[in-house]
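Notes follow once the structure below has been shown.
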Amino acid sequence: MLKINDNFQKLPGSYLFTEIARRVAKYSAENPDKKLIKLGIGDVTRPLVPAVIEAMHKAVDEMGREETFRGYGPDNGYDFLLDAIRDDYKERGVCLERDEIFVSDGAKSDCGNIGDIFAKENLVAVCDPVYPVYVDSNAMAGRLGDYVDGKWNNIVYMPCTMENGFEPALPDRVPDMIYLCYPNNPTGMVATKETLKKWVDYANEHGSVILYDSAYEAFITEPDIPHSIFEIEGAKNCALEFRSFSKTAGFTGTRCAYTVIPKELERGGVSVNKLWARRQGTKFNGVSYIVQRGAEAVFTAEGRKQTQETIAFYHKNAEVIREGLKSAGLTVFGGVNAPYIWAKTPNGIGSWEFFDKLLREANVVTTPGEGFGPSGEGYIRLTAFGGAEATCEAVKRVASVL
Ligand code: MLT
């Protein structure tokens, strides 16, 4: 008889944002008159910018004419987009070749799929709290052991709390796969060049690989904060990087991202870049031409200007949340170089409890910190991706129930 992948049976409940959506849907069904403000999942609300729309319209027209119609595209992206991405990196002093960039349908997919090319025996380290995809996807692959009392028993959790300034310490047990995300989801904190250098040196010394998620780099406002791990010397020998158009340019529903794997990255004499190319060639058929043309437009002068305006809009929301919650007496972090605000729950109440209170009493949806890992207990996350009015209203409502 067919055997299923038992690792899936070990996963707790449902995916975090699915569970939140379930609770919210239940509450809405029971209280149809209540108008909820959703600052839970980090989903954008501003429309695609005109430069992107124009490029996509043009691409749609090309698809409708025999002379310019396109079927399957290259697995890893059209040259026009690869070149635009390469030039963008170059501006930060990072030189890449086209075939070190892999265009995909999302950083979530890439973060979840990358484990395909690494052995099951590898030890994984994650910051705690953390974007749940890194953990759940490794659990599905059977790398994390068993889920006992709210924790996996074969993973290195690197606590990031108020006490350590949300900066993970180098682990005692040497991990093979180290997930780092900066600007951080969920805490909204960033890493300096010195901090990243410490990780790069550690990974190179121990033969670990850093899986660096920089999906939120466009939100960095402070000048000396690195946007890419490849700005750090030695990183090409030990790291790969996930990037996305989702938050940068409002592509959450449009879908386009890219992963950079330098050719220098080898383990056991095997090129990680080649393995990923092989994996993608087999399991992935590329992103649609229309979407890639839209993504290319993000890098044009107009596209950059327009997406910057959108990001500034979200930054304003972040400030409203940060300052509003602070004035209401909460201790808050993040929201300066990131679209997320990480707030301590009042009077030490649990994060799911506070989530429920805000849902029921303020009709505001947040994300409970515990959903991001054990050290997220005692915090909640709010996103700056809502509308401006809704964000102001949400802050008022939260303040009124504290
Ligand atoms: C989040 O809310 O953490 C993100 O929107 C989830 C994602 O990007 O998949």
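The values are calculated or read from the model by the stated rules, or taken from the named source; none is laboratory data. Quick caveat, the model's predicted, so the values are computed rather than measured. A quick note on method: Cβ atoms are made from the backbone with ideal geometry, for glycine too, and the neighbour counts reach across all protein chains shown.
Keeping to region 307-351, report how many residues are of a type outside the set (Val, Ile, Thr) and over 22 Å from the mean Cα position of the chain (by Cα). So that I can check it myself, show each step before the final result.
First, pick out the residues of region 307-351 that are of a type outside the set (Val, Ile, Thr): 308-309, 312-319, 322-330, 333-335, 337-340, 342-344, 346-348, 350-351.
Then drop every residue that is not over 22 Å from the mean Cα position of the chain (by Cα), which leaves 323-330, 346-348, 350.
Summing the residues that are of a type outside the set (Val, Ile, Thr) and over 22 Å from the mean Cα position of the chain (by Cα) in region 307-351 gives 12.
List, please: which pairs have Cβ atoms under 6 Å, are six or more places apart or on different chains, and start with a residue in region 22-36 that is under 10 Å from residue 363 (Cβ atoms) and β-branched (Val, Ile, Thr) and end with one that is modelled with pLDDT under 95 and exposed (fewer than 10 other Cβ atoms within 10 Å of the Cβ)?
none
Being more than 23 Å from residue 151 (Cβ to Cβ), assigned to a helix (DSSP H, G or I) and touching a helix residue (DSSP H, G or I) at 6+ places or on another chain (Cβ under 7 Å) is the requirement here; does residue 399 meet it? Spell out the reasoning first.
On the way: more than 23 Å from residue 151 (Cβ to Cβ): yes; assigned to a helix (DSSP H, G or I): yes; touching a helix residue (DSSP H, G or I) at 6+ places or on another chain (Cβ under 7 Å): yes.
When the stated conditions are applied, residue 399 passes them.
Mind listing whichever residues of region 16-26 are within 14 Å of the ligand (Cβ to nearest atom), of a type outside the set (Asp, Glu) and surrounded by 15 or more Cβ atoms within 10 Å (Cβ to Cβ)? If you could, list the steps in order and put the result at the bottom.
First, the residues of region 16-26 that are within 14 Å of the ligand (Cβ to nearest atom): 16-21, 24.
So of that shortlist, the ones also of a type outside the set (Asp, Glu) come out as 16-18, 20-21, 24.
Scanning region 16-26 gives 16, 17, 20, 21, 24.
Residues that are surrounded by fewer than 18 Cβ atoms within 10 Å (Cβ to Cβ), at least 2 per element: which helices (runs of 4 or more DSSP H) completely within region 237-318 meet that? Write out each step before concluding.
On the way: elements: 246-249, 272-283, 289-298.
It comes to 272-283.
Could you tell me whether region 375-394 includes any residue that is charged (D, E, K, R), surrounded by fewer than 18 Cβ atoms within 10 Å (Cβ to Cβ) and either in contact with a strand residue (DSSP E or B) (Cβ under 7 Å, 6 or more places away or on another chain) or assigned by TED's automatic domain parsing to the domain that holds residue 187 (or both)?
Yes, some residue in region 375-394 is charged (D, E, K, R), surrounded by fewer than 18 Cβ atoms within 10 Å (Cβ to Cβ) and either in contact with a strand residue (DSSP E or B) (Cβ under 7 Å, 6 or more places away or on another chain) or assigned by TED's automatic domain parsing to the domain that holds residue 187 (or both).
If only one of 324, 329 is part of a loop (DSSP other than H, G, I, E, B), more than 13 Å from residue 188 (Cβ to Cβ) and among the small types (Gly, Ala, Ser), which one is it? So that I can check it myself, show each step before the final result.
Working: 324 fails: part of a loop (DSSP other than H, G, I, E, B).
Residue meeting the stated conditions: 329.
Only one of 340, 289 is more than 16 Å from the ligand (Cβ to nearest atom) and touching a residue at least 12 places away in the same chain (Cβ under 8 Å). Can you tell me which?
Numbers: 340 fails: more than 16 Å from the ligand (Cβ to nearest atom).
Unique residue meeting the criteria: 289.
Counting only residues that are surrounded by 12 or more Cβ atoms within 10 Å (Cβ to Cβ) and more than 16 Å from the ligand (Cβ to nearest atom), give me the helices (runs of 4 or more DSSP H) lying completely in region 27-133 with at least 1 of them. Show your work before the answer.
Numbers: elements: 50-63, 79-90, 107-113.
Correct list: 50-63, 79-90.
Output the number of residues of region 75-84 satisfying the condition of being closer than 15 Å to residue 273 by Cβ and modelled with pLDDT of 95 or more. Lay out the reasoning, then the answer.
First, pick out the residues of region 75-84 that are closer than 15 Å to residue 273 by Cβ: 75-77, 82.
If we keep only those that are modelled with pLDDT of 95 or more as well, we get 76-77, 82.
Count: 3.
So is residue 220 in the same structural domain as residue 85 (by TED's automatic domain parsing) and touching a His at 6+ places or on another chain (Cβ under 9 Å) or not? First the steps, then the outcome.
Details: in the same structural domain as residue 85 (by TED's automatic domain parsing): yes; touching a His at 6+ places or on another chain (Cβ under 9 Å): yes.
Yes.
Would you mind telling me which numbered condition in (1) among the hydrophobic types (A, V, I, L, M, F, W, C); (2) within 24 Å of residue 246 (Cβ to Cβ); (3) modelled with pLDDT of 95 or more residue 41 fails?
Among (1) among the hydrophobic types (A, V, I, L, M, F, W, C); (2) within 24 Å of residue 246 (Cβ to Cβ); (3) modelled with pLDDT of 95 or more, the lone unmet condition for residue 41 is (3).
For region 227-246, which positions are touching a residue at least 60 places away in the same chain (Cβ under 8 Å) and either over 15 Å from residue 104 (Cβ atoms) or more than 16 Å from the ligand (Cβ to nearest atom) (or both)? So that I can check it myself, show each step before the final result.
Keep residues of region 227-246 that are touching a residue at least 60 places away in the same chain (Cβ under 8 Å), which gives 227-228, 230-231, 240, 242-244, 246.
Once the filter is applied, which keeps residues that are touching a residue at least 60 places away in the same chain (Cβ under 8 Å) and either over 15 Å from residue 104 (Cβ atoms) or more than 16 Å from the ligand (Cβ to nearest atom) (or both), region 227-246 yields 227, 228, 230, 231, 240.
Of the residues in region 215-225, how many are surrounded by 22 or more Cβ atoms within 10 Å (Cβ to Cβ) and part of a loop (DSSP other than H, G, I, E, B)?
2
Would you check which residues across region 134-154 are aliphatic (A, V, I, L, M), crowded, with 20+ Cβ neighbours inside 10 Å and more than 16 Å from the ligand (Cβ to nearest atom) and list them?
The first filter runs over region 134-154 and keeps only residues aliphatic (A, V, I, L, M), leaving 135, 139-141, 144, 148.
So of that shortlist, the ones also crowded, with 20+ Cβ neighbours inside 10 Å come out as 135, 139, 144.
Hits for region 134-154 are 139, 144.
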